1. Take residue 342 and decide whether it is assigned to a helix (DSSP H, G or I), closer than 21 Å to residue 178 by Cβ, touching a residue at least 12 places away in the same chain (Cβ under 8 Å) and among the β-branched types (Val, Ile, Thr).
2. With respect to the numbered conditions (1) over 24 Å from residue 410 (Cβ atoms); (2) of a type in the set (Gly, Ala, Ser); (3) assigned to a helix (DSSP H, G or I), which one is the sole condition not fulfilled by residue 294?
3. If you scan region 485-499, which residues turn out to be of a type in the set (Gly, Ala, Ser), within 20 Å of residue 405 (Cβ to Cβ) and touching a residue at least 60 places away in the same chain (Cβ under 8 Å)?
4. If the Cβ limit is 8 Å and pairs must be 6+ apart or interchain, which residue in region 226-237 that is farther than 11 Å from residue 313 by Cβ and part of a helix (DSSP H, G or I) pairs with which residue that is open to solvent by less than 10 Å² (accessible area, probe 1.4 Å) and polar (S, T, N, Q)?
5. So, in region 119-142, of the ones that are over 20 Å from residue 172 (Cα atoms) and of a type in the set (Val, Ile, Thr), which residue ends up surrounded by the most Cβ atoms within 10 Å (Cβ to Cβ)?
6. With the requirement that a residue be open to solvent by less than 30 Å² (accessible area, probe 1.4 Å), in contact with a Lys or Arg (Cβ under 9 Å, 6 or more places away or on another chain) and assigned to a loop (DSSP other than H, G, I, E, B), what does region 459-502 give you?
7. Please indicate, with yes or no, whether at least one residue in region 72-82 is touching a Ser or Thr at 6+ places or on another chain (Cβ under 8 Å), assigned to a helix (DSSP H, G or I) and either touching a residue at least 24 places away in the same chain (Cβ under 8 Å) or over 30 Å from residue 178 (Cβ atoms) (or both).
8. Being farther than 23 Å from residue 6 by Cα and of a type in the set (Asp, Glu) is the filter; apply it to region 77-112 and report the residue that is nearest to the chain's Cα centre (by Cα).
Amino acid sequence: MAFVQNFPFFSILLSLFSGSISSVLNGKWAKRLNVIVITTISILSAAVLAFVLKSGQEYVYTMGHFPAPWGNEIRVGVLEAAMALIFCVIMFLCVVGGVLERELEIEETKQNLYYIMVNLLLCSLLALIYTNDLFTAYVFVEINTISACGLIMIRQTGRTIEAATRYMIMSLLGSGLLLLGICFLYSLTGHLLMSNIKEQVDILHASGNYHVPLLITICLISVGIAIKSALYPFHTWLPNAYGYSTLSSAAILSSLVSKGYIFLLVKIFYRVIGFDIIKESKVINVLFVFGIAGMIMGSFNAIKESDINRMIAYSSVAQVGYIYMGFGLGTTSGMIASLYHIISHAATKSLLFIAASGITDASGKSKDFFDLTGAGYRNRLAGAAFTVGSLSMVGFPMFSGFISKLLFAQAAVENRHKILITLIALAISVILNAVYFIKTVIRIYTPEQNEVIREKGFEQISFWEQPAKSFALICFILLNLLLGLSSEPIIRLIELGLGMFA
């Protein structure tokens with residue numbers, strides 16, 4: 001075994017132990033440790049990606065060298081390594097971009113607690129990406145839930161506590177359904193290792209036995225993860241959770257947490273049940289309907305919002321709908337489009353939240369739509385970044401969102417039963433996205449009179465006044481352009497990784 005094959009396990013342990021170490025450090029040292037750990041894991045993930053690309057095949061890492069059911073396994077392919085690297089890079093930029101807000105909004109004595117939650121969240125995301133054991137995945141789903149809840153309520157205001165409570169209630173409901181589904185699978189197959197479950201499920205399906213219990217299991221798992229990832233109409237916890245959290249929390253939650261759950265669902269579809277069985281069960285048709293509904297209703301809710309953060313939060317409901325719509329197409333192309341959109345949305349939504357923070361900083365900290373008039377001139381970098389993110393969400397060429405929508409349209413053509421409704425939904429969603437995003441861009445570039453600016457106490461913010469946020473914004477802009485202009489290698493990477501999944 002090559003030494004690099006240990007890196008996924010090292011990454012999980014490193015993030016887990018760094019969370020424990022942060023508990024005895026002060027906020028400043030906990031922040032430094034967090035940045036070092038995320039950077040190190042990013043390098044390790046890049047090395048793993050290079051290794052699996054060179055070898056051309058996935059590998060299984062058995063922890064402790066004990067076979068199942070006594071041991072536990074990590075399964076690493078191109079898609080896992082790529083997702084781990086992208087998640088680490090985005091989390092690093094989210095942490096860097098929100099450093100100023102964390103210092104202002106979180107009590108000094110609780111600074112280290114924040115980094116404990118971030119480290120545990122990273123640990124859980126890596127485990128969800130790499131694990132080949134279904135119960136281990138459930139354990140880290142719960143760690144992910146608790147960490148995300150801590151990130152929401154660390155700000156300690158009435159709204160964040162309410163948002164965290166609502167998030168916890170809905171998330172525990174989803175976790176309960178997921179656990180029931182795992183219990184049903186275990187009773188049907190006698191295994192918890194994904195590959196072993198898949199073998200038994202194939203046997204059960206071929207024999208025609210336990211058809212109804214297997215269908216119920218698929219439904220429980222799908223609905224449980226749909227609740228946790230805020231698929232419409234299970235999205236009610238999302239606007240407050242994203243809208244009132246501190247900047248880094250909102251960026252991390254919107255870009256990574258729900259994507260970790262969705263990636264786990266992809267693994268279950270392919271590696272636990274089998275995508276052919278999933279299609280035969282017709283569950284994907286239900287996900288397709290709710291995905292379409294989320295695309296439309298999330299955008300309608302965003303249009304009605306006058307708070308820029310809540311507007312961006314409701315946009316996430318629509319974007320999660322895109323992902324489930326791709327699943328519902330029931331084709332490999334649809335799944336590739338959804339996986340690409342996971343990456344695209346993660347990069348763009350973080351950009352929007354950080355850019356919105358820069359705009360509100362130049363508007364007296366006000367998030368109200370009308371107070372943002374002319375903010376693009378008062379903070380030029382944040383205005384440009386918000387424009388890039390908005391154009392990407394609308395689907396403007398050159399940006400990642402355009403590639404996502406193009407892939408969804410191409411995938412729809414392959415399904416003659418769903419092509420019409422998919423293309424209509426895409427067209428309506430693009431128009432609605434343009435209504436609230438372009439409207440906001442026009443507002444921030446509408447000149448405000450100097451007398452009004454002085455009266456409201458607004459100020460100019462230059463690049464050097466917020467260097468960490470400026471660095472994150474520039475990196476996110478470049479990442480979005482990279483995804484939009486060099487999408488072909490990334491799509492090929494997703495195709496290769498999905499082939500290893502299957």
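The values are calculated or read from the model by the stated rules, or taken from the named source; none is laboratory data. Just so it is clear, the model here is predicted, and its values are computed rather than measured. Note that each Cβ is placed from the backbone with ideal geometry, even for glycine, and that neighbours are counted across all protein chains shown. When the accessible area is computed, the model is the full protein with side chains, heavy atoms only, and any ligands, DNA or RNA have been set aside. Shrake-Rupley method; radii C 1.70, N 1.55, O 1.52, S 1.80 Å.
1. Judged against the criteria, residue 342 is a match.
2. Only one criterion in (1) over 24 Å from residue 410 (Cβ atoms); (2) of a type in the set (Gly, Ala, Ser); (3) assigned to a helix (DSSP H, G or I) is unmet by residue 294, namely (1).
3. Once the filter is applied, which keeps residues that are of a type in the set (Gly, Ala, Ser), within 20 Å of residue 405 (Cβ to Cβ) and touching a residue at least 60 places away in the same chain (Cβ under 8 Å), region 485-499 yields only 487.
4. 227/171; 228/145; 228/171; 228/175; 228/258
5. Across region 119-142, the extreme among qualifying residues is 129.
6. Answer for region 459-502, where residues must be open to solvent by less than 30 Å² (accessible area, probe 1.4 Å), in contact with a Lys or Arg (Cβ under 9 Å, 6 or more places away or on another chain) and assigned to a loop (DSSP other than H, G, I, E, B): just 461.
7. yes
8. The extreme case among them is 101.
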